[in-house]
Each structure stands twice: as C-alpha cells, then as structure tokens.
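Enquirer: Once you've had a glance at the structure underneath, I'll fire off some questions.
The values are calculated or read from the model by the stated rules, or taken from the named source; none is laboratory data. Not measured: the values here are computed from a predicted model. Please note: Cβ atoms are built from the backbone with ideal geometry, for glycine as well, and neighbour counts cover all protein chains shown.
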C-alpha cells in the first residue's frame, strides 16, 4: 500500500495556484487554509490517503468513523484558479513525508499547477504581541515578487530549516520546475494550541497575493467552531505518539534469542 | 515479503458477514470471536501471515512451533453466512496495520462480504461494574440499524478514535463500498488482563445482530481454557517489546562516523 | 536493495541437512556452528548480505574491511550432506528477520534441503551448573525422532516463544513443507558472554543426530581463538545500538513545523 | 520514492578516483572534501536525493530553500581524473545507508571508477595534540600501496568498525570489484565541533596520494567561511533528532485498541 490520491472530479483548471495548509505549529497553516475553503465555498476534488499516517480512524458526527486523510479543494479565481490542500494530519515517518510530498507535487503538475504556496507557523518559543509573516522561496527570483506583500525574508529571522510538508514541497516542486514559497506566521509554538492571530496575519498576506476579498472578521468564530475537530486530532496525535513511545515495564519472562 | 492470505478452501458464501476479533484492550474482541468460532464449530478457510508481526514463533502443545498468524473461520448461518477473523496478534508497525487491513478487506470483498463487524474493548481506566456496549459505524445510515441492538453511539461516550485493525477496517471498508460497524465492550483496560464480562456483553449484542442462539453460559469456562494461550501471547508481546525498547548501557567503545 | 544470497559454487547435494547457528544468547548457536565448520573443514558455498544488518563494515586482519554477512558452508556427510548457516549478525529490524529467513528457506529448498536444525541458547537468568539441551519442532511427528537424542521437549521448561532466525526458520520451513527443529543449550544469558559449556552440550547432541564423530576436546581452545572476533562483533552491536538509541540533548534551536 | 542520482552532465572520465567526504565525526571528511572541491575549482556533475534523509529543506542565501542533497564534483587530474562526493547529510535509517551506498557504487562503476577513497574522523574521545591519519582498506593487497603515504593501518589503533557511508562504501565497492580505502583523521569527536587540524592532516595525505599540489594555507579560513553552513546543518540534524526522539507527556486521553 502506498500514498494514494483519489481524484473525485476531473476539472480543467486555469493556471491554478496550489495552497498547502496542514496541521503543524500553532495549527496556523491548517486554520488559514480551512478558513479559505469555507469562505470561498470551495469544492472537494481529490482525497489523499497514506499508510504513513497514524493507523487509526477518527470519529466525527455521531460516531461515524473516517480514515485520516488530506483533501484538495478547488474554486475558480479572478486571475487564476485556486487549489487548496488541507487535512487531518501529516506523515508520521520521515520517508512518508517524502512520499506524501512527491505525490502532491505530481498531482499538482498533472492539473497544471505552476506555483505553490505552503502555509505554516514559526515557533518563537515566547508570546508574540504582533506576529509578523516570514517567508522562504524555492528560487531566488521569487524574493522580489513576494517581498512586496510584506513578507519578511530573513531580515529579522535567521531560519535554518522548514520541517515537513511545508518545507519539502518547496524542494520537490523546484525539482519539477514549479515555483513555490512558504508563508509562516510567528507564533508561540506551544503544542496543542491553535493561534488565530498568526492565521489572521497569514490570511491578510494571502488574500493580497491572490488578489481576492475574503471577510476575515469571522475567523476567530470559525476557529472556535473548528476547535473541536482540531483538538480531537491534536489529542489523537498526542495519545498515539504516547502509545508508540510507551516503554513496557520489565517483567520476569524468559525468551530465546 | 508482504502480508499474505493463504486460502485453504474456496467456499461459495451466501452474503457473508465478516466479524473481526483480534488481540487488544481486555482481549475483548479476541475472546468473543474465539468463543463464537468454538460454539459454532466454524471451519478454518484461510490463514494470514505478515512480516509486520513480531519476528518469532510461538510454542504450543509439547514444544511445537507455530508462526504468528491470523485465521478466517467460516460457517453457514440462518439468514447469511458468517466469516470470523481472529488470531495471535496485530501488526507491530503503523504501515503494517494499513497493509494488514487492506489485505483483509480485499479478501473479504473477494468472497462477497458486504458488511463487517469489528469487536474490541473500550478502556475506561477504572473498574466497570456493568459494562455497556459502545459503537461506531462507517456510514451514518448504519446508526439506525445498530441502535436497536442496544449499542450506545456516542451519547455517553465521546470517543475520538479507534486505533488498529478494529478502526482501520471501518475506514478501508468504506473506501471499497462495504458497510462496517465497530462494537466495543467497556472494560478497565489494564494490560494483560482478559475481561470476560465485556466479552459477554458483546456476544449478547452480536448474537442478536446475527439472529443466532449461542450458549453463553460456558464463556467464563472457555476463557479459562483460552487463558493459557492468551497469557502466552500477551507475555510474548510484552517481552518482545521490552527487547526492542531495551536501551543498551554505555561502554567505552570507539567508533568512526 | 534487499537481502541477497550469492551462490559461490553450485553443488549437487545429497539430502542435505541445514544447520543454522547465528549470534544470539550466549553465542551458543554461533560457536557450535563455527566449531563444526572448522572441524569438518567445510567449504563456503554461498554468502548472504542484507540491508537489514547494521550499516557498517567490520575490520579484520590488519585493517581490512568486510561487509557484515552470513555464510553457508558445505561438506559431504555419511548418510547425508551437511550445510551450515553461520555469520556475523542477525537482522536489526522485525521485517528484516522475516525477509532474511524467507531467503534462507528458499535457498535451502533450492538445494534440496528437507530438514533444518537451528541452534541457540536458552537464557536461564542464573548460573547453570549442568546445562540441558532443550528443543522445539515444527511438526508434532518430529518429537519422537528427536527425543531419543536426549533433548528435553518442554517437560522441565515451559518455553513460550523463540525469537529471531532460530525461531522463524521453523515456522517458515513448515510453510514450505520442510521439517525443522530448534536445539537450545541452557545458559546464563548475560549479554556479551560466550558460553562454551552450552555449546559443548549442543554439539554432543548434534553429532549424535548427524551420526558423525567430531573431536570436541578442542572446543574451549577454539572458542578462545574465536573470542576476539566474537567480542568485536558483540561490541559492534552494542555500540551501534547505543548510537541509534542515543537521545540528543535539548538545545535552543528554533524550527518550523 | 527511492534514492536517486540525477546526472547533470555526462562526462567521459579518465580512470577517475572517487573521494567521499560527508558529514560525520568532527566533520573531517566533509571539510576536507569541500576544500578540494573549492581549491580545484571542480564542477558539479551529479546530484543525489534520498527519502532516507531528514524530511526538511535547508535555507541558504536570503531564505532560498534547498532539498538536502549530496553532490558529485569532477575535475581532470594529472594521472587520472577526480570525482568527489560530498553533501549536506547522510541517511537517517540503517536500510537507507545501504541504499545510498549501493546507488553511489553503481554510479561510480558507470563512470569507470576503479578506486574509491572515503574520508572521515576517528573519535579519540579526548584532545588530540598531533592527530595521526588512520586507515582501512577493502583488500589486503591495498595495504602496501597506502602505507607509504604515512597512513597507520591498525598498528596503534585497534578499530573495530566503520559506521555509515565511509565504511559501507568499502564493503559494497569490494562486491563490485572496486578497490577502496578509508582515511581517517584522529579527532576529539565532540558533536557539533568541526576539527580543521584533522582535516588538514587528511588533506596532506590525500594530495600525496593524488600527486597534486593544493594550497592548504587557506584551509582554516575556508573552514571559517564554511562554518555557517556546517553549523546550520549540524543544528538541523540535532534539532530534528530531538524532534523524533521527543517523548510526549502523558495526558488523560482514552483510546480504543
């Protein structure tokens, strides 16, 4: 079994921009992506399943079980169409991250994506009064393009790495000739703590880049509504990792080697 | 090498219901499934082996070694036939769980299964005087069908996830268009402690669903007889996990990187 | 890359018996197998390499580096030929054990092996004055055959499992219709401590089974000579496992998720 | 996805010698290899990517993200051409090391490499005033050839193993009929501490072997310039390993098995 993208609807897209927002630090990327999907009334066009996710099902609405999955949502845009990748989880193994991102880039290429934006949080390790938006690109030529949107490219921050899908997608996209940038909101970075402020900052930048108008006044309210789902998935990851990391106690059992 | 199901006998089944009961919390699923296999005098029709099981053999009857395996048992039923999946173990790796469940669903589909019931224990973390039966389904439409059998679907319990085969089978079955429900008995959830009371509750519900009569009076006795085998397999898992988790002590050895 | 057996010489063997003796508890199996190879002046006929071994080379004679490997040795016997599998190491991953043993059984089958004996130590966890030889088989019918050689099949010992190649080979051989038994010498079971007494006991039983005469008086001396090589490989496993288990210290580095 | 070498330029090489210098103890190999690449103005001819590297991108020059990768550099030499393998990282899984090294040896063979030199540090665990150069070979016949360059082959050091690419390349090269030696500089072996002295010693030996003149006076300065990049990659490995090793705290979450 390997990571699989199931296309629900084949759509001829017009120069689509792919935006990735998956669970991570402060849930910034996931919350921002989820808000756009909801506000733009986007339509699900594909689902991604992976054996590199946690081996469990998550229960929603009245005990109905669902596979952990990621989803691609689509809508027509002004200048170009928008495709959003969001979901329940990321890979739990290093090789799984590579497989996941490779499949995403291949799918993106197959529907004509020439530019990717990945969203995330940047853990400051302390309270952030006025979070900034920090960025990284996968080609120097993109710096000029994105700087004008108020993204800080390493002037105040010396970022060494970007871990997980938000980072690897930049690298793998480059190998396929696809431009990509990562947009991160400064946040405390405490586990299990969603940060609406950082998500709000990212959405302001994102709507400018997309040249669309989105009512951001409902963000906090929507996050409140998403909280239940998010808390559940955070708790899952935490309890499952506990499970996997659990060290059994010693007992007097003999075995043969 | 990958997870393999060896079919021992090809049988034309009549609308078979697949019931899964593997080792887990309180051994509830395994004990309930094992009791049905024994009471209904079911016949083994397939065996499943996997490189994702512990790398060892288990010794039964006078030092005879056996691979860890799972088994499918079959019998004719009144309205429809019954197929039971039980066994020594579950996968020890996350990806292994996915591979295992995918193979099971594929086999189930190949013999005409259109409905799956998975059995398990629900860990309360405390003594349960009168265990309830709690459930989850893989499609909302199934709630009505199963509620009438006295299964609690999330009214008293907010279950977030179902880990392992009992959960993943629901998710993967859905992807193949197969209806499935998980039936769990409330139990303490102490490791290495089989809970006959929870298994008894599950069997009462299960026989109602199957519309069959099974003498449940011998359950405690049978569990007593199964205990030896169960204890052994529990001990195996524990000692092996210890082995794998064992941290070697430091020693003054030089190496080159 | 996967586990590979490189055949150095194709030999038409006469009803060969395969004997496995790899590193393990008390190094009993490895030492016994190594002594036979040396005393019977057996000839290397195949080598086995695996990506599931530790990722390192071992240095012998004046800084010459060698891959970790296992080796098959062959000699003509009286009633039937003998094939011995011994080597530097076993797999370090659970799935690797399955792959390793599957390749061994396939190779054995390809050269006409119909019976396998695996050798090992049985950890008593305390000093053993007069070590016994304990056994397990992969088919009930073999008990009678081996009991007459003074092997204890579970009368005094309740063995639950046999971990690693000595065990899995029994299980996988059965699946291919090959008879197999495991012969274990009682030993303390301290890590990094080779037990010549247990190896001696096993060799006495083994030579009776093989109906050959082997001068066992040199065993302690030979083990002394093997010690250097054995200590090195024990140390390797220990230092490497330390390496893999090493927990990095915390440091104030920021990253993005 | 698997380890992939992308050839940027196909060059007909004249009896090329492959030199490997990757991150490791004291960064000795990487620094020595990097200095040669820079001093000899070598040209990049191939890149290697692997899903067995850490799942992240590394940021250089003004927030531009790059995949972790290894690189092959080429230049014409006097007697024979030189090919250097250096890079950001090594595999993080045991099987990954085997896959990585197998791909490297296959590529080396395809461009006509008949000899490989791997570079590394040898951890003394204490301050080394005058570091020596220690060696290992993959065939006894090579000892004489390399001893004349002042490499110590086990007279003062009893090395047991060589872990990682510097070691495995020797073993895998032998299996393909390629001669190889490992050249190590004695160093303290503290994590995150680059040792220019050990690298200098290795370069002195290496230039003698290659029979080339390289200005080594700028080594410390160059290492100073490389430090930023090296520190970053060291920090990455450290923080990522922390991440992977992080044990989640207990919390009162119920789950089902």
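Enquirer: Got at least one residue in region D:48-60 being more than 13 Å from chain A (Cβ to nearest Cβ), in contact (Cβ under 8 Å) with a residue 40 or more places away in the chain and outside any loop (DSSP other than H, G, I, E, B)?
Expert: no
Enquirer: Somewhere in region A:161-174, is a residue away from chain D (no Cβ under 14 Å), modelled with pLDDT under 95 and surrounded by 14 or more Cβ atoms within 10 Å (Cβ to Cβ)?
Expert: No, region A:161-174 contains no residue that is away from chain D (no Cβ under 14 Å), modelled with pLDDT under 95 and surrounded by 14 or more Cβ atoms within 10 Å (Cβ to Cβ).
Enquirer: Is it the case that residue B:154 is surrounded by fewer than 19 Cβ atoms within 10 Å (Cβ to Cβ), touching a strand residue (DSSP E or B) at 6+ places or on another chain (Cβ under 9 Å), assigned to a loop (DSSP other than H, G, I, E, B) and at pLDDT 80 or above?
Expert: Against the criterion (surrounded by fewer than 19 Cβ atoms within 10 Å (Cβ to Cβ), touching a strand residue (DSSP E or B) at 6+ places or on another chain (Cβ under 9 Å), assigned to a loop (DSSP other than H, G, I, E, B) and at pLDDT 80 or above), residue B:154 does not qualify.
Enquirer: Could I ask something else about it? Can you tell me which residues in region D:8-28 are at pLDDT 95 or above and within 14 Å of another protein chain (Cβ to nearest Cβ)?
Expert: D:8, D:20, D:21, D:22
Enquirer: Output yes when any residue across region D:185-202 is buried (at least 24 other Cβ atoms within 10 Å of the Cβ), at the interface with chain C (Cβ under 9 Å from one of its Cβ atoms) and not in a helix (DSSP H, G or I), and no when none is.
Expert: no
Enquirer: Restricting to region C:67-83, count the residues that are over 18 Å from residue C:1 (Cα atoms) and in a strand (DSSP E or B).
Expert: Total satisfying the criteria: 7.
Enquirer: Name every residue in region B:107-122 that is surrounded by 23 or more Cβ atoms within 10 Å (Cβ to Cβ) and either within 13 Å of chain A (Cβ to nearest Cβ) or at pLDDT 95 or above (or both), in order of residue number.
Expert: Across region B:107-122, the qualifying residues are B:108, B:113, B:116, B:117, B:118, B:119, B:120, B:122.
Enquirer: Which ones in region A:61-90 are crowded, with 23+ Cβ neighbours inside 10 Å, in contact with a helix residue (DSSP H, G or I) (Cβ under 6 Å, 6 or more places away or on another chain) and more than 7 Å from chain B (Cβ to nearest Cβ)?
Expert: Scanning region A:61-90 gives A:84, A:86, A:90.
Enquirer: Further, regarding this structure: Among the residues of region A:123-151, which ones are out of contact with any strand residue (DSSP E or B) (no Cβ under 7 Å at 6 or more places or on another chain) and loosely packed, with under 14 Cβ neighbours inside 10 Å?
Expert: Of everything in region A:123-151, those that are out of contact with any strand residue (DSSP E or B) (no Cβ under 7 Å at 6 or more places or on another chain) and loosely packed, with under 14 Cβ neighbours inside 10 Å turn out to be A:125, A:126, A:127, A:129, A:130, A:141, A:144, A:148.
Enquirer: So, one more: Picking from C:103, C:144, which residue would you name as being more than 28 Å from residue B:92 (Cα to Cα), assigned to a helix (DSSP H, G or I) and either at pLDDT 95 or above or out of contact with any helix residue (DSSP H, G or I) (no Cβ under 7 Å at 6 or more places or on another chain) (or both)?
Expert: One residue alone meets the criteria, C:144.
Enquirer: OK, next. Residues of region A:37-47 being touching a strand residue (DSSP E or B) at 6+ places or on another chain (Cβ under 6 Å) and either farther than 27 Å from residue A:2 by Cα or away from chain B (no Cβ under 12 Å) (or both), which ones?
Expert: Across region A:37-47, the qualifying residues are A:37, A:40, A:42, A:43, A:44, A:45, A:46.
Enquirer: Kindly indicate whether any position in region C:43-55 is at pLDDT 95 or above and on the phi > 0 side of the Ramachandran plot.
Expert: Taking every residue of region C:43-55 in turn, none turns out to be at pLDDT 95 or above and on the phi > 0 side of the Ramachandran plot.
Enquirer: Could you tell me which residue of region B:126-141 is farthest from residue B:178 (Cα to Cα), considering only residues that are at the interface with chain A (Cβ under 10 Å from one of its Cβ atoms) and out of contact with any helix residue (DSSP H, G or I) (no Cβ under 7 Å at 6 or more places or on another chain)?
Expert: Residue satisfying both the conditions and the ranking: B:134.
Enquirer: Right, another one. Can you tell me which of A:211, A:215, A:179 is away from every other protein chain (no Cβ under 12 Å) and on the phi < 0 side of the Ramachandran plot?
Expert: Going through A:211, A:215, A:179 in turn, just one is away from every other protein chain (no Cβ under 12 Å) and on the phi < 0 side of the Ramachandran plot: A:215.
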